[in-house]
Amino acid sequence: MSETEAPAQRHTVGIIMNGVTGRMGTNQHLLRSIVAIREQGGVRTPAGGTIYPEPILVGRNLEKLRALGKRTGIERMSTDLDAVLSDDAYPIYFDAQITGRRYGAVKKAIEAGKHVYCEKPTGTSLEEALDLYRLAKAAGVKHGVVQDKLWLPGLRKLKRLMEAEFFGEILSVRGDFGYWVFEGTSIPAQRPSWNYRKEDDGGIMVDMLCHWRYVLDNLFGSVKSVFCLGATHLPERVDERGETYRATADDAAYAVFELAGGVVAQFNSSWVTRVRRDDLLTVHVDGTRGSAVAGLRDCRIQHYGNTPKPIWNPDIPQPIDFYEDWSTVPEQEVYENAFKVQWELYLKHVVLDDPFPNDLLEGAKGVQLAELGLKSWEQRCMLPVDDLKE
């Protein structure tokens, strides 16, 4: 597709949206991204035109699809993926299903000649993830993976600080992610039960190390080695039907990464922690000239000249308020929903051929790190992260 012939052209693009009845698919991808783009009249293009998404909702449960259609005003829906994949009105396939169903569906879409965009992990193994990349490359279709945290306001502010050389030489990065996910006994759990079953491809290490890979690679340096220790702290939980089940997947992961250039990063990820920090995710960066702590939206900084000089003395109350000498990075830009921002970039990639570096090979790198994290846990050792061969 090209916009050179008609500068103010409106491009209507059909999108097969599979798996959007789930929590993430409904809230982030459908309501806050595609529906929001439609409500604003589409994605504006440099030539003055628009790209307007026309989705069809696909899933296994027709009643859930109808409820979602009523909520969004989207009338087109189907439980027959094969039939929809054969429809030329929908050149894009999007997948937000559970991980175990992703490989087969995305492979079908590629074979049907669809451009593909999908959630991560892009497969249940590195072999699957690389196979999807190679299939898409051979088919000549455009492909992408969701890497939403790169567009979080807090991390965008961190990136601006790095571009302004605020930190001097970056020494280390410390990430803390997580919150208490209720077991479901007296208070219902706020995450689906499959997340805690290894046999259903659950586990926080598989989930979050895919995120930390692209965050570290894009902001601080490519990951060169990893040591990770996992744990299943809560052995039993209660599922959506009120039945007790055995939790077989890890609910916490404690990882150390060595990055190119010598930066050391450590990330704790946990669904069994009670939060006493600025946000559900915080990324603390220490440099020779300054430090910063970014949350999902805010970022706080402390320059070398504002750094207090503490003295260890446990016999008296701490005289320093360690929060006081930090300042908040002001809002210098307008930040939209991170998922929506990446959707708009992907649509421009398909229609205008704009660059889109977050492809299925990048998705495979996340799966690679998750696999190495699990292997590191099993072997109790640090493992090298090799460059992926296309």
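Rule-based calculations on the coordinates, nothing more; no lab input. Quantities reported herein were computed from a predicted structural model and do not represent experimental measurements. Here the Cβ is made from the backbone with ideal geometry for all residues, glycine too, and neighbour counts use every protein chain on show.
In this label model, Trp194 and Lys309 are separated by 5.8 nm, measuring between points 7 Å along each Cα→Cβ vector. Between Arg174, Arg276, Arg160, the residue with the greatest mean-square fluctuation in the GNM of the chain (Cα pairs under 10 Å linked by springs) is Arg276.
Residue farthest toward the positive end of the dipole of the chain, with Cβ of Lys/Arg at +1 and Asp/Glu at -1: which of Gln266, Pro308, Thr79? Towards the positive end, the residue furthest out is Thr79. This structure gives Kirkwood radius over Cα pairs in Å, computed directly, and of [x] 22.5; [y] 23.4; [z] 21.0 that value is listed as [x]. Rounded to 0.05, the FRET efficiency of the Ala260 and Asp325 pair, given R0 = 30 Å and the Cβ-Cβ distance, is 0.40.
Full extension of the segment from Gln332 to Asn27, taken as 0.36 nm per residue of separation minus the current Cα-Cα distance, would add 107.1 nm. Computed over the chain, relative contact order equals 21 percent, with contacts defined as Cα pairs under 8 Å that lie 6+ residues apart. Working note: Karplus 6.51/-1.76/1.60 with θ = phi - 60° gives the range 377-390 the couplings 4, 5, 8, 6, 8, 7, 10, x, 10, 6, 5, 6, 8, 5 Hz, where Gly and Pro are set to x. Could you give the length gained by full extension between Lys64 and Arg174, i.e. 0.36 nm per residue of separation minus their alpha carbon distance, to one decimal place? Result: 35.6 nm gained on full extension.
Rounded to the nearest 5, the antiparallel percentage of DSSP beta bridges internal to the chain is 60%. Applying 1/(1 + (r/R0)^6) with r as the Cβ-Cβ distance of His233 and Ala8 and R0 = 41 angstrom yields a FRET efficiency of 0.10. Using a Förster radius of 41 Å, what is the FRET efficiency between Ser125 and Arg38 based on their Cβ-Cβ separation? Nearest 0.05, please. The value I calculate is 0.70. Within straight-line reach of Lys389, meaning a Cα separation under 19 Å, sit the following lysines at least 8 residues removed in sequence or on another chain: Lys137, Lys224, Lys365. Using only side-chain charges placed at the Cβ, +1 for Lys and Arg and -1 for Asp and Glu, the dipole size of the range 225-371 relative to its Cα centre rounds to 300 debye.
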